[in-house]
1. Kindly evaluate residue 133 against the criterion of being modelled with pLDDT of 95 or more, more than 16 Å from ligand 3 (Cβ to nearest atom) and surrounded by 15 or more Cβ atoms within 10 Å (Cβ to Cβ).
2. Determine, yes or no, whether residue 122 is surrounded by 16 or more Cβ atoms within 10 Å (Cβ to Cβ) and either charged (D, E, K, R) or over 28 Å from residue 253 (Cβ atoms) (or both).
3. From the residues in the range 55-76 that are more than 7 Å from ligand 1 (Cβ to nearest atom) and within 20 Å of residue 173 (Cβ to Cβ), which one is surrounded by the most Cβ atoms within 10 Å (Cβ to Cβ)?
4. Give me the residue from the range 181-216 that is more than 16 Å from ligand 4 (Cβ to nearest atom) and surrounded by 15 or more Cβ atoms within 10 Å (Cβ to Cβ) and, out of that set, modelled with the lowest pLDDT.
5. Could you please let me know if residue 214 is out of contact with any Gly (no Cβ under 6 Å at 6 or more places or on another chain) and closer than 16 Å to residue 112 by Cβ?
6. Identify the residue in the range 1-52 that is surrounded by fewer than 14 Cβ atoms within 10 Å (Cβ to Cβ) and among the polar types (S, T, N, Q) and, among all such residues, is modelled with the highest pLDDT.
7. So which residues in the range 18-58 are touching a His at 6+ places or on another chain (Cβ under 7 Å) and either basic (Lys, Arg) or free of Cβ contacts under 8 Å to residues at least 40 places away in the same chain (or both)?
8. Filter the range 196-214 down to residues that are away from ligand 2 (no atom under 14 Å from the Cβ) and under 18 Å from residue 146 (Cβ atoms), then give me how many there are.
Amino acid sequence: LCRLKPGSHGSRSARGSSHPAFPEPSMDELTQALVLGQFEPFFQPKACLTNGTIHSAEALARWRHPQRGLVPPDSFIPLLEQHGLIDQLTEQIVQKTARAWQSWSAQGKQFEVSINLSLSSLSNPGYAARLIAILDHSGIAPRFIVFEVTESAAMSDVPHSLENLARLRMKGYGLSIDDYGTGYSSMQQLIRIPFSELKMDRSFVTAACKDNAQVLVLASSLALAKELRLDSVAEGIESASDWRLLRRLECRYAQGYLIGKPVPQAEFLDSVAGWSEA
Ligand code: C2E
Ligand code: CA
Ligand code: CA
Ligand code: CA
């Protein structure tokens with residue numbers, strides 16, 4: 001929620017270090033990893049709740065570290081943000097995601113792909129133009145790309161952030177509110193920013209799947225999405241009963257371990273082969 005507040009960075013990255021055997025990576029180490037291209041997107045499928053087809057994939061960053069193995073994003077995203085290196089990561093993820101899309105497309109599969117943007121990037125004027133340039137160069141139609149942004153009260157430079165988001169949307173990319181339902185009430189953001197999708201946070205979904213009283217909360221957010229003509233995605237779908245509940249609540253898409261875990265690009269098509277044709 002408060003990713004942009006300088007004071008919160010330390011605690012967040014300390015929590016995120018899930019490799020106690022290794023010290024927190026230094027700025028030099030992170031810079032070198034960027035130069036060497038050690039970051040890559042894994043892809044996690046999303047399925048359509050009405051017909052069970054695979055509709056899209058989310059690109060989730062991984063660090064292929066020569067000693068540590070695969071490092072999860074919570075261990076390096078906050079540090080990259082803190083050191084002003086996050087834009088370089090995003091560019092590499094966008095580039096590699098574009099290549100993945102082209103490879104699937106060559107095999108006859110055109111999925112929508114979503115890419116996570118860091119809020120701290122959005123205050124740079126001209127940021128949207130840079131992303132647009134990379135994607136234009138790769139020749140992917142904008143309707144196949146969705147940018148996910150975490151809802152937050154801590155949008156540091158509101159005018160520039162809004163301008164960047166509006167530019168991306170005007171170009172035809174989708175814009176998703178990530179982690180919807182985590183604390184901060186985002187009616188304000190919904191009205192100000194031309195979002196196209198609402199993504200229900202896993203904690204929100206899990207609560208509803210475990211506790212009947214929480215179902216109403218999720219149901220009212222889904223009703224809001226419908227009212228605003230936004231697509232809806234539920235994260236953290238882990239069981240058949242989660243699937244049935246979200247389907248009953250008329251959520252459109254589901255993401256979670258039931259459908260598939262994040263996998264490298266080369267394994268993605270095989271990983272969703274059991275699902276019906278899109
Ligand atoms: P997120 O965008 O909310 O992504 C969803 C996270 O939930 C992913 O963790 C995913 O692996 C995990 N997940 C998906 N389905 C399930 C499920 O059914 N059960 C459980 N328990 N977990 C599930 P991951 O890959 O570790 O990513 C963590 C966070 O790191 C992401 O949360 C996102 O905020 C951030 N992140 C990842 N890649 C990027 C990136 O390229 N750029 C930026 N700025 N942030 C990124
Ligand atoms: Ca996301
Ligand atoms: Ca999310
Ligand atoms: Ca989440």
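The values are calculated or read from the model by the stated rules, or taken from the named source; none is laboratory data. The shown structure was predicted, so the numbers you read here are calculated from the model rather than taken from an experiment. As a convention, Cβ positions derive from the backbone with ideal geometry for all residues, glycine included, and neighbour counts pool all protein chains shown.
1. no
2. It is false that residue 122 is surrounded by 16 or more Cβ atoms within 10 Å (Cβ to Cβ) and either charged (D, E, K, R) or over 28 Å from residue 253 (Cβ atoms) (or both).
3. 57
4. 189
5. Here the answer is no, as residue 214 does not meet what is asked.
6. The residue in question is 32.
7. 38, 46 - these are the residues of the range 18-58 that are touching a His at 6+ places or on another chain (Cβ under 7 Å) and either basic (Lys, Arg) or free of Cβ contacts under 8 Å to residues at least 40 places away in the same chain (or both).
8. 1
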